[in-house]
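Participant: Structure in structure tokens, see below.
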Amino acid sequence: MSEFTSGDYTEEEGRRLEAWKRARDYSDPERKAAACAILLEMVGGDELRTALHRHPARGTYLSKDFLIAAYREMVASGQLREDPAMAERLRMKPVRTLSGVATVSVLTRPYPCPGTCIFCPDDSRMPKSYLADEPGALRASQNAFDPHRQVTSRLASLESVGHPTDKMELLILGGTWSAYPKDYRDEFVRRCLDALNGEESATLAEAQQKNEQAARRNVGLVVETRPDYIRPEELFHMRKLGVTKVQVGVQSLDDRILALNCRGHTVAETRRAFRLMRAAGFKIQAHWMPNLLGATPESDREDFARMFDDPDLRPDELKIYPTILVENSALHAYFERGEYRPYPYEELLELIAAIKPAIPPYCRVNRLARDIPVVHVVAGNKRSNLREDVQRLMAARGEHCACIRCREVRGLHVARGDLRLEDLAYEACGGEERFLSFVTTDNRLAGYLRLWLPGTRSPDLQWPDLERAAIVRDVHIYGQTLPLGGNQEGAAQHLGLGTELLSSAEQIARGAGFSNLAVISAIGTRNYYRNRGFEDGELYLVKKLI
Ligand code: SF4
Ligand SMILES: [Zn+2]
């Protein structure tokens, strides 16, 4: 696969790339002077926003990232005193790490995808479905898709803005993960872990073992794939790699629409994939696309309702990606022939506002639109603030979204006494799912655990670790990511909520007659479970209940 150089960019893409680089150039004296003035005003008590207004950096954008670099320099040279509160005020996007972990997205190299989906952009310089100048894709191409370099550069930028990096989630993106050669996948994960470990390992197993004790632990590993590629052997391999969550392209729950868009799989295959993933304990993130060829807002509403009505689906997380009409996709020809109509913005807004209130409290809506640079959008939604507009519309109607994301405590301080434990049971894939959560008096979510109790109609993978076992599929506690050993009074991560949730899960599983409790653990959280009575199995950590 050839390396990707800036010569491959179009003029417009090149301009955006230059702007991207400029925003990261810390040597420009004029911008530095502006940054120093801003920092001094902040020390004097000004809010960042006020200080920024007073000292606009001429002709270029002054990122907080830049400000933090300047702050560090001023501290190092003795111009300013080190002040943790100041670093806190300067943090670039606190929301990114407020859920307790920092995420690094890594793209796989360009490689043919087995899919022929007509809406999917085709850019030979990118893994299928990504555009060369999409945010996130830039870092990958700048690093020639080398996983080690991608992770290292992301760590450097997180650390330069003062984000803790001790708990890292790896998000592997690009085309269909399961279609890449197996050796490539093994190597890819090993190199990501090597980058976190800060040292090379000869094998994947060695890299995993090192990461268990490393300063930067991998606390979640996510891949994206197609439903028809989910088979027991594939899930087994994912588990060997340490995968904890699968992003799966559902796109539509109507065979007619799937066929029209050349998805190459049926709804029956999607349901089968969900049953297998749940039986293996993976967290399931579904991608769903309104406005596909052949859909109408009415058919989309019905389609979406199936996602949670059907007990064989009911994903844990959701990304709603309204179809985006891009030039280098087969869908474009349909549009030119007048056979495809992108929904006007108001129609899309209405549709999303209509389906959102039906999302159950156990699901997290991670995204509402894809971040495709607007120049590529031929027609249809060109606005990027769909989520905010939907929220505003729902609020005006007295409605709200009860999904996980909308209820997370984020940076709020919580006291154990203000939290109550809730237990939401629902049928899923032939068994019972229990969503245990700690909520505040005003229904904010401080943490949760997903417990799966397989039933007689659930798939049996016949993996020894899962014999007569209930499975803990997810434990998530919110709060600012704290450096190992750090303490921030009231942060949810430090109230022992995880331990309490696990013991509730144990009681429920025991009460339901299970002999074992298995947990799907990321490499870096194995020790956490070992310390709570779980023992190493082949693919899971397992605790005997009787
Ligand atoms: S499977 Fe995914 S990446 Fe492949 S063509 Fe379809 S949408 Fe694109
Ligand atoms: Zn929500």
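The values are calculated or read from the model by the stated rules, or taken from the named source; none is laboratory data. Please read these numbers as outputs of a predicted model, since none were measured by experiment. Here the Cβ positions follow ideal geometry from the backbone for every residue, glycine too, while neighbour counts run over all protein chains shown.
Participant: Quick one: residue 196 ticks every box in (1) without any contact (Cβ under 8 Å) to a residue 60 or more places away in the chain; (2) assigned by TED's automatic domain parsing to the domain that holds residue 286 except a single one, so which number is it?
Facilitator: All conditions pass for residue 196, except number (2).
Participant: Of everything in region 498-546 that's more than 21 Å from residue 220 (Cβ to Cβ) and part of a loop (DSSP other than H, G, I, E, B), which residue is modelled with the lowest pLDDT?
Facilitator: 546
Participant: Looking at residue 183, is it assigned to a helix (DSSP H, G or I) and either free of Cβ contacts under 8 Å to residues at least 40 places away in the same chain or surrounded by fewer than 22 Cβ atoms within 10 Å (Cβ to Cβ) (or both)?
Facilitator: So residue 183 passes the test.
Participant: Looking at region 292-301, is at least one residue buried (at least 21 other Cβ atoms within 10 Å of the Cβ) and polar (S, T, N, Q)?
Facilitator: Within region 292-301, none of the residues are buried (at least 21 other Cβ atoms within 10 Å of the Cβ) and polar (S, T, N, Q).
Participant: Now for a different question. For region 223-250, enumerate the residues that are assigned to a strand (DSSP E or B) and over 12 Å from residue 177 (Cα atoms).
Facilitator: 245, 250
Participant: Show the residue pairs that are 6+ apart or on different chains and have beta-carbon atoms under 7 Å apart, the first residue being within region 112-131 and under 19 Å from residue 181 (Cα atoms) and of a type in the set (A, V, I, L, M, F, W, C), the second being away from ligand 2 (no atom under 16 Å from the Cβ) and part of a loop (DSSP other than H, G, I, E, B).
Facilitator: If the second residue must be away from ligand 2 (no atom under 16 Å from the Cβ) and part of a loop (DSSP other than H, G, I, E, B), the pairs left are 113/128; 113/175; 113/176; 126/110; 126/132.
Participant: Name, by its number, the condition in (1) more than 30 Å from residue 334 (Cα to Cα); (2) not in a loop (DSSP other than H, G, I, E, B) that does not hold for residue 82.
Facilitator: (2)
Participant: Here's another thing I want to ask about it. Out of contact with any strand residue (DSSP E or B) (no Cβ under 6 Å at 6 or more places or on another chain), within 16 Å of ligand 2 (Cβ to nearest atom) and not in a helix (DSSP H, G or I): does that describe residue 457?
Facilitator: For residue 457, the condition - out of contact with any strand residue (DSSP E or B) (no Cβ under 6 Å at 6 or more places or on another chain), within 16 Å of ligand 2 (Cβ to nearest atom) and not in a helix (DSSP H, G or I) - is not met.
Participant: While we're here: For region 327-340, enumerate the residues that are surrounded by fewer than 21 Cβ atoms within 10 Å (Cβ to Cβ) and either touching a helix residue (DSSP H, G or I) at 6+ places or on another chain (Cβ under 8 Å) or of a type in the set (A, V, I, L, M, F, W, C) (or both).
Facilitator: Matches in region 327-340: 327, 330, 333, 335.
Participant: Moving to a separate point now. Please pick out the residue among 231, 191, 226 that is free of Cβ contacts under 8 Å to residues at least 60 places away in the same chain, in contact with a Ser or Thr (Cβ under 9 Å, 6 or more places away or on another chain) and of a type outside the set (Gly, Ala, Ser).
Facilitator: Every option except 231 fails the conditions.
Participant: Are any residues in region 361-374 surrounded by 14 or more Cβ atoms within 10 Å (Cβ to Cβ) and either away from ligand 1 (no atom under 16 Å from the Cβ) or in a loop (DSSP other than H, G, I, E, B) (or both), and if so, which ones?
Facilitator: Selection gives 361, 362, 363, 364, 365, 366, 368, 369, 370, 372, 373.
Participant: I'd like to know if region 116-137 contains one or more residues that are more than 16 Å from ligand 1 (Cβ to nearest atom) and not aromatic (Phe, Trp, Tyr).
Facilitator: yes
Yes/no per residue for (1) more than 22 Å from residue 314 (Cβ to Cβ); (2) at pLDDT 90 or above; (3) away from ligand 2 (no atom under 13 Å from the Cβ):
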site: 361; (1), (2), (3): no, yes, no
site: 380; (1), (2), (3): yes, no, yes
site: 389; (1), (2), (3): yes, yes, yes
site: 398; (1), (2), (3): yes, yes, yes
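Participant: Okay, next question. State yes or no: is residue 255 farther than 18 Å from residue 473 by Cβ, more than 16 Å from ligand 2 (Cβ to nearest atom) and in the same structural domain as residue 111 (by TED's automatic domain parsing)?
Facilitator: No; evaluated as a whole, the condition is false for this residue.
Participant: Taking into account only those residues within region 138-169 that are more than 16 Å from ligand 1 (Cβ to nearest atom) and of a type in the set (A, V, I, L, M, F, W, C), which is surrounded by the most Cβ atoms within 10 Å (Cβ to Cβ)?
Facilitator: 168
Participant: In region 402-421, is there at least one residue being of a type in the set (Gly, Ala, Ser) and within 16 Å of ligand 2 (Cβ to nearest atom)?
Facilitator: Checked against the condition, which is being of a type in the set (Gly, Ala, Ser) and within 16 Å of ligand 2 (Cβ to nearest atom), region 402-421 yields at least one hit.
Participant: While we're here: Examine region 465-475 for a residue that is assigned to a helix (DSSP H, G or I), modelled with pLDDT of 90 or more and either more than 25 Å from residue 216 (Cβ to Cβ) or not assigned by TED's automatic domain parsing to the domain that holds residue 315 (or both), and state whether such a residue exists.
Facilitator: yes
Participant: Further question: Just for region 398-417: of the residues that are loosely packed, with under 14 Cβ neighbours inside 10 Å and not in a loop (DSSP other than H, G, I, E, B), which one is farthest from ligand 1 (Cβ to nearest atom)?
Facilitator: Once the filter is applied, the top-ranked residue is 417.
Participant: In region 376-392, how many are free of Cβ contacts under 8 Å to residues at least 60 places away in the same chain, in a helix (DSSP H, G or I) and surrounded by 17 or more Cβ atoms within 10 Å (Cβ to Cβ)?
Facilitator: Final tally of qualifying residues: 4.
Participant: Somewhere in region 369-378, is a residue within 16 Å of ligand 2 (Cβ to nearest atom) and either more than 29 Å from residue 456 (Cα to Cα) or of a type in the set (A, V, I, L, M) (or both)?
Facilitator: yes
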